[in-house]
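Taking it in order: structure first as structure tokens, then the write-up.
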Amino acid sequence: MLRDFFDGGRVVAALGEQARPTSISWARRAAAVSLPERSALAGPWNFLFLYVVPLFVANSVIMSYIATNHFLNPLTEINDPLANTLSVTSPRWLEKLHLQFGYHVEHHLFPTLSGRHAPVVRDVLIRLYGDRYLTMPHVRALRLLYTRPKLHDGYDMLVDPRTMTAFDVLAPGDLSMSHLSSG
């Protein structure tokens, strides 16, 4: 009877008393070789538009969520997802297409929560915590992200290193980040 098991970084296929170790690096080599082969088989333009462009688009979408979920919020000494993370909203069809990725506060509070339950959890969090729960439309969060500096000066201040202009981070009850602080 053939059994596969993992043993110290090597896959060992055992048949009765005999064992034949096989390195798992073959998968890495196959992946490295397969990209040029795929490019050669598909042609450079097809490879560009079937592999490279979708990869960049998917990465941009994911990073837009990660950046808006974290970079606008204050730093905290103790992890408080209601203070240091932001959930973003999108049209319902887009939320489903993006696998409910905008429910980030919910994810930090309940890391194993299925995305299909996140809207219900959001409603409960809004009811329980009111203004402490930070959420805004994804497009608005992106606009704030790209019009505000990304460097923290202390826990609750963002500073533009070129002009030394300081901006407040997101705070409960104020999702505009419009208040300019002296600095």
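No lab work stands behind these numbers, since they all come straight from the coordinates. This is a predicted model, so every value here is computed, not measured. Note: ideal-geometry Cβ built from the backbone for every residue, glycine included; neighbour counts use all protein chains shown.
For LEU75, project a label point 7 Å along Cα to C-beta. Then give me every residue of the stretch 102-122 with its amide nitrogen under 15 Å of that point. Answer for the stretch 102-122: none.
Could you give the length gained by full extension between ILE62 and LEU50, i.e. 0.36 nm per residue of separation minus their alpha carbon distance, to one decimal place?
Details: separation 12, 0.36 × 12 = 4.32 nm, distance 1.86 nm.
Roughly 2.5 nm would be gained on extension.
Shape class of the stretch 55-146 from the alpha-carbon gyration tensor: oblate, with a/c at 1.5 or above and b/c at least as large as a/b. For ALA67, the shell of other residues with beta-carbons less than 13 Å away shows a net charge of +3, using +1 for Lys and Arg and -1 for Asp and Glu.
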